[in-house]
1. Name the pairs: first residue in the stretch 191-213 and within 18 Å of A154 (Cα to Cα), second residue crowded, with 19+ Cβ neighbours inside 10 Å and of a type in the set (D, E), Cβ to Cβ under 7 Å, at least 6 apart or on different chains?
2. Give me the pairs, please: first residue somewhere in the stretch 328-345 and over 17 Å from V423 (Cβ atoms), second residue anywhere and among the acidic types (D, E), beta-carbon distance under 8 Å, and either six or more positions apart or on two chains.
3. For D51, which of the numbered conditions (1) surrounded by fewer than 20 Cβ atoms within 10 Å (Cβ to Cβ); (2) of a type in the set (D, E, K, R); (3) closer than 30 Å to E136 by Cα; (4) modelled with pLDDT of 95 or more fails to hold?
4. For I368, indicate whether it is under 30 Å from N326 (Cβ atoms), at pLDDT 85 or above and buried (at least 16 other Cβ atoms within 10 Å of the Cβ).
5. Which number in (1) loosely packed, with under 13 Cβ neighbours inside 10 Å; (2) modelled with pLDDT of 95 or more marks the one condition that K178 misses?
6. Scan the stretch 218-262 for residues that are within 12 Å of ligand 2 (Cβ to nearest atom), touching a Ser or Thr at 6+ places or on another chain (Cβ under 7 Å) and farther than 27 Å from K323 by Cα and jot them down.
7. Would you mind telling me which numbered condition in (1) within 14 Å of ligand 1 (Cβ to nearest atom); (2) surrounded by 20 or more Cβ atoms within 10 Å (Cβ to Cβ); (3) aromatic (F, W, Y) F223 fails?
8. Mind checking which pairs have a first residue in the stretch 139-161 that is among the acidic types (D, E) and a second that is part of a loop (DSSP other than H, G, I, E, B), Cβ under 8 Å, 6 or more apart or different chains?
Amino acid sequence: MSRDFRLFNTLTGQVESLIPIEPGHLRFYSCGPTVYSYAHIGNFRSFLTADLILRTARAIGWKTTYVTNITDVGHLTDDDTMDPSGEDRMARALQSKEGQRFANVWDLSRHYSSALQSDWLTLNLLEPDVQPRATEHIREQIQTIEKLLACGAAYQTSSGVYFSVESFPNYGSLSGNKAAEALELAVRDVVVDPEKKDPRDFALWKKDAEHLMQWYSPWGWGFPGWHIECSVMAQAYLGEQIDLHAGGEDLIFPHHECEIAQAEALTKRPFSRHWVHTRFLQVEGRKMAKRLGNFHTVRELVNDRGVAPLALRLALISGQYRKPFNFTFSTLRDSERHVARFSEAFKLAHGARDRGHNAASTVGETLIDRYQSVLNALLDDLNTPAAIAQALDGVRTILGHKDQLDKRAYNFMRGIADLLGIVPFTKEMSADPNETKIQLEAPDTDPLTTRIEELIQARSEARKTRDFTLADKIRDELLAMNIEIKDSPNGTSWRKKSNI
Ligand code: AMP
Ligand code: ZN
């Protein structure tokens, strides 16, 4: 039976079990960055929420399909207030002082996309299954807009194509912005296209034959709106209905609200079952802003200030995703100390990797319990502070019992590395490529593992009594089960043989 993974669902306002439509297979979309500048640590806090969801789902044995996009066109400066009167963020960035070093907007987008990939690796985020770009899916976006027009959910004016909010009575169900006054408030300060039928209507396509990035469409030259990009790409790779959609809290309205409207107007079925939003990061108690001098990117902290990448990762996940999070340099210093301890414990545990169970010590069992506590904390609405505290407790146990460690200490550290991504792996410490997924001997060991351990025990006894015929027979039986064994002065270890 699958473990219960509970997460707050913005749609229902409750912590609920995450239940994939296809049992055991999580199909998950997380909104990626607009690549008009370097992603900042606030962006990465949201990406890390998605990363931890992915790691936790995998730890309980789920298959995952994870899609996170790159917005390289169509995110207007006024999109956050729904009205399409702003400038495209990419085009504006090209005109800025930093933008002058780029030949054109494509060059700018390429530069910031590859910077994103490198920061992504620096912070040890898992690779998505697909990282689609908005500009590579214009055709699908046009097709969806055509369908929305055909079914009466959209209309055309001389400046664009708009989604008609009136045609979708469920609009506002995610954000709670159902009341007409709330919506009016959200759009009050922007220039309104006089041809728009309703101030709430949002742009699906902007007609603009002068724009730096433009495509030909049934409505002439122009470019797509930001919201249409995400619902179209999510559905293209994950299907009409997905299990989970994530992003930062600013995306609840209008971006995700609009995604729901566009998708459900066509399918008439819930687009995503679960919606997860990360609270905004603040720096030293204030909103992060360039003009306040507290704006940090990953590369600035790591390359210019020499912050250890995994310490930055640990600091960014040290607060639960749903609580207000204050990034401080004091947290960063604590995280550096903790990462150094994780590293030390990992070295020791790595040395004990081939050591058989030490029956005279309870350390192995304690670490198995500790791992389960870390996992349980993550399964409980990604309670990262509790998970990190339990992981550090395990580290303390390892550092305090150096002479009692066996392979379970190694398994513990591998498990923590897989779950939290904060344990530094160097090449020579990294796992044997033939080793299959980490086997953490949980207290309720599965029957196959019990059988293997029994056979190994019987073989050791046969060897002790010099009954090598029996010992070899048992080894052959294990080999037939695809289990390889290795004898060392510290005992016998085993692993599943790779099928690759
Ligand atoms: P953007 O590049 O503005 O589209 O943002 C990319 C992602 O980062 C989105 O999910 C945003 O909600 C998220 N984000 C932006 N600023 C912050 C912040 N200060 N804290 C947490 N997440 C943020
Ligand atoms: Zn999005």
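1. What qualifies is V192/D83.
2. Going by the 8 Å Cβ cut-off, the qualifying pairs are T328/E284; F329/E284.
3. (1)
4. On the way: under 30 Å from N326 (Cβ atoms): no; at pLDDT 85 or above: yes; buried (at least 16 other Cβ atoms within 10 Å of the Cβ): yes.
The answer is no for I368.
5. (2)
6. W226, I228, E229, V232, Q262
7. (1)
8. E146/P218
The values are calculated or read from the model by the stated rules, or taken from the named source; none is laboratory data. Predicted model only: the values in this text are computed from it and were never measured. Glycine also receives a Cβ, built like all others from the backbone with ideal geometry; neighbour counts cover every protein chain displayed.
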